[in-house]
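J.: Encoded as structure tokens, here's the structure I'll be asking about.
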Amino acid sequence: MGLDDNILELKHITKLYPGVVALNDVSLNIRRGEVHALVGENGAGKSTLIKTCSGAIAPTKGEIVINGNSFSNMTPQTSVKNGIGVIYQEFNLVGDLSVAENIFLGRAIRKGMLVDLKAMEREAKKVLDSLHIDISSKTLVKTLSVGYQQMVEIAKAVSQNARLLIMDEPSAPLTNAEVESMFAIVDHLKENGVTIIYISHRLDEIFRLSDRVTVLRDGQYVTTLNTSETNKDELVKYMVGRQLTEVYPERKKSCIRDEVIFEADNVSGNGDHDISLKMHKGEVLGLGGLVGAGRTEFAELIFGMHPKKAGKFIFKGQEFSPKDPREAIDVGIGLVPEDRKKEGALLGMSIRSNINMPIYNRISKGTVVNAKKEQEIAEKYRGEISIKTPTLDQLVKNLSGGNQQKVILAKWLAANSDLLIFDEPTRGIDVGAKQEIYTLINTLVEQGKTVLMISSEMEELMGMSDRIIILAEGRMAGELKKAEFDQERIMQLASMERKD
Ligand SMILES: Nc1ncnc2c1ncn2[C@@H]1O[C@H](COP(=O)(O)OP(=O)(O)OP(=O)(O)O)[C@@H](O)[C@H]1O
Ligand SMILES: [Mg+2]
């Protein structure tokens with residue numbers, strides 16, 4: 001196997017959308033057996049590039065060469081047949097089917113006319129075992145954690161004999177423990193000669209996993225480096241075209257006022273959770289804990305998405321029990337949700353409408369919207385957090401993942417809420433934009449607003465919070481002041497088990 005044994009060659013790939021050059025003459029070789037990382041800012045063209053390989057979209061120009069065979073007209077079928085498997089961020093699994101049925105979806109093993117479920121379960125078990133994935137092939141997919149669902153996707157690709165596995169931000173939805181298991185699978189696949197293209201905004205992962213790394217910027221190929229011969233600073237410089245230093249921008253001291261703006265008093269939601277806490281004006285309160293600890297559920301209670309079972313909320317000195325998000329918005333609460341696809345953005349609508357959504361009643365007279373105001377507000381935030389788009393008319397679904405997240409942020413900034421809840425605000429966001437979001441959070445609290453930030457990224461939680469409350473199994477496991485922040489202590493509290 002020579003050095004120039006390429007499993008995949010992309011030649012002069014260009015992809016044009018109306019007003020957007022998503023990819024501009026990108027050429028790139030992937031060597032057989034390597035883990036090749038693909039990095040770049042939001043909207044750089046990473047997802048678009050891999051979609052041309054999987055046949056999900058057709059390039060405007062260019063050629064795709066797999067194992068020396070050239071394809072100018074790639075289709076999803078051809079791609080799979082030639083050994084390419086893709087793990088997208090949104091899984092393509094059917095929750096009500098078993099693991100085995102999902103792995104063999106669309107290509108069921110049959111005995112005569114009948115589907116041979118036993119045989120599928122047997123074969124699925126073989127694949128799962130070979131990957132050391134410890135779940136039964138009979139389990140219904142909807143009962144699995146996100147981490148395991150992703151493993152089923154990987155098993156499905158492997159069972160289709162994928163020799164090149166492309167993973168688009170696979171770690172984004174996973175907990176720390178799940179990320180470790182996913183890494184183990186990647187290592188294992190690599191040992192078995194599978195080539196991997198790995199997209200991630202988390203540079204630690206790039207250095208942990210990859211042999212080489214390619215940087216894209218604004219749809220253009222920038223460079224390919226041997227991972228062992230580069231470092232984070234250099235990568236970031238290639239990605240953003242400038243040096244980035246401090247990760248957590250300084251906040252003016254003593255933003256925190258004495259005034260308590262929000263209080264939860266023995267609140268419980270669905271389970272027998274029980275949370276009491278106070279938030280002050282000008283404070284960033286971090287909410288830590290493992291996935292499933294009840295952090296998102298708590299946020300959704302405040303935002304009126306579910307009724308609470310017990311306890312009370314006090315907001316701006318008054319008891320408050322929102323029936324729905326509208327009520328929460330009207331009193332001055334905003335929520336940037338974890339899953340932007342599900343709840344955050346109206347994907348089929350324009351950026352302009354999305355940003356103005358919570359405030360249409362403020363910028364309208366009767367049913368007539370003040371179009372000038374609407375445009376001004378959208379423009380303002382497009383500039384402030386650099387939403388990358390040629391026009392505010394663009395539909396949100398056509399934006400890159402990170403830019404969709406920014407639109408949701410913009411919408412709550414425009415709403416001028418007094419309490420903003422951010423649930424994993426920087427998930428899928430590139431390094432440069434992360435800093436912009438951190439700076440924005442600082443600006444908000446400097447203006448006397450309050451931020452409740454849920455984050456699974458320990459560094460972010462410690463870097464941005466004034467105080468951290470840790471939940472475990474729906475209860476308060478502990479509270480740490482800034483001087484007491486300590487990664488191990490937080491992990492300890494987060495994994496505390498209930499005694500009752
Ligand atoms: N269907 C589409 N219509 C119009 N523009 C599109 C479409 N799909 C992608 N784009 C644009 O192409 C560019 C590249 O997007 P892409 O999704 O490849 O970025 P990315 O590098 O994956 O970013 P992220 O890290 O945010 O996921 C962006 O400017 C995006 O808005
Ligand atoms: Mg992407």
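J.: If amide hydrogens are placed 1.01 Å from N in the peptide plane, which non-local residues have theirs closer than 5 Å to the one on residue 87?
T.: 166, 167, 168
J.: In whole Hz and in residue order, list the ³J(HN,Hα) couplings for the stretch 300-313 that follow from phi through the Karplus curve 6.51 cos²θ - 1.76 cosθ + 1.60, θ = phi - 60°; x for Gly and Pro.
T.: Karplus-based 3J(HN,Hα) across the stretch 300-313 equals 5, 5, 4, 8, x, 7, 9, x, 8, 7, 8, x, 9, 9 Hz.
J.: Give me the 1.4 Å probe accessible area per residue for the chain, excluding ligands and nucleic acids, in Å².
T.: Averaged over the residues of the chain, the accessible area is 45 Å².
J.: Got a sec? Charge dipole of the stretch 6-240, +1 on Cβ for Lys and Arg, -1 for Asp and Glu; which of 223, 52, 146 is way out at the positive end?
T.: Of 223, 52, 146, it is 52.
J.: While we're on this one: Calculate the translational D of the stretch 6-240 in whole µm² s⁻¹ from Stokes-Einstein, where the hydrodynamic radius comes from the Kirkwood formula applied to all Cα pairs, the temperature is 20 °C and the viscosity 1.002 mPa s.
T.: 117 µm²/s
J.: In whole Hz and in residue order, list the ³J(HN,Hα) couplings for the stretch 360-373 that follow from phi through the Karplus curve 6.51 cos²θ - 1.76 cosθ + 1.60, θ = phi - 60°; x for Gly and Pro.
T.: In residue order, the calculated couplings are 4, 5, 7, 10, 10, 10, x, 9, 9, 7, 6, 4, 5, 4 Hz.
J.: Between residue 309 and residue 175, with labels modelled 7 Å along Cα→Cβ, what's the label distance in nm to one decimal, could you check?
T.: According to this spin-label approximation, the distance is 2.0 nm.
J.: Which FRET efficiency, nearest 0.05, do residue 134 and residue 487 yield, Cβ-Cβ r, R0 22 Å?
T.: 0.20
J.: What share of the DSSP beta bridges in the chain is antiparallel, in percent to the nearest 5?
T.: Restricted to the chain, the bridges split so that about 55 percent are antiparallel.
J.: Per the 1.4 Å probe, what fraction of the accessible area of the chain, in percent, lies on carbon and sulfur atoms?
T.: Carbon and sulfur together cover 49 percent of it.
J.: Something else: Under the rule a/c < 1.5 gives rounded, and otherwise a/b versus b/c splits prolate from oblate, where does the stretch 260-494 land using the Cα gyration tensor?
T.: prolate
J.: With θ set to phi - 60° and the Karplus curve 6.51 cos²θ - 1.76 cosθ + 1.60, what are the ³J(HN,Hα) couplings of the stretch 275-280 in order, to the nearest whole Hz, using x for Gly and Pro?
T.: Once θ is set to phi - 60°, the couplings for the stretch 275-280 become 10, 10, 7, 10, 10, 9 Hz.
J.: Quickly estimate the mean residue ellipticity at 222 nm for the chain, helices only: each DSSP H run with n ≥ 4 gives -39500 (n - 2.57), and the total goes over all residues, rounded to 500.
T.: Computed ellipticity for the chain at 222 nm equals -9500 deg cm²/dmol.
J.: Mind checking which of 485, 392, 91 is farthest towards the positive end of the chain's charge dipole, using Cβ charges of +1 (Lys, Arg) and -1 (Asp, Glu) about the Cα centre?
T.: Positive-end residue among those listed: 392.
J.: Which of the three applies to the chain, rounded, prolate or oblate, going by the alpha-carbon gyration tensor with a ≥ b ≥ c and a/c under 1.5 meaning rounded?
T.: Prolate is the answer for the chain, as a/c is 1.5 or above and a/b outweighs b/c.
J.: Here's a follow-up. Quick query: amide H of residue 17 versus all other amide H atoms, modeled in the peptide plane; which residues come in under 5 Å with a sequence gap of 5 or more or a different chain?
T.: Those qualifying (amide H under 5 Å, at least 5 residues apart or on another chain) are 22.
J.: Would you mind calculating the gained length between residue 250 and residue 324 on full extension (0.36 nm times residue separation, minus the Cα-Cα distance), in nm to one decimal?
T.: Here the answer is 23.1 nm.
J.: Also, I was wondering about something else. Could you let me know the centre-to-centre spacing of the stretch 1-51 and the stretch 165-227, using Cα atoms, in angstrom?
T.: Centre-to-centre (Cα) distance: 14 Å.
The values are calculated or read from the model by the stated rules, or taken from the named source; none is laboratory data. The model shown is predicted, which means the values in this text are computed figures rather than measured ones. Positions of Cβ are backbone-derived with ideal geometry, glycine not excepted, and every protein chain shown enters the neighbour counts. Calculation scope for accessible area: heavy atoms of the full protein, side chains included, ligands and nucleic acids excluded. Shrake-Rupley method; radii C 1.70, N 1.55, O 1.52, S 1.80 Å.
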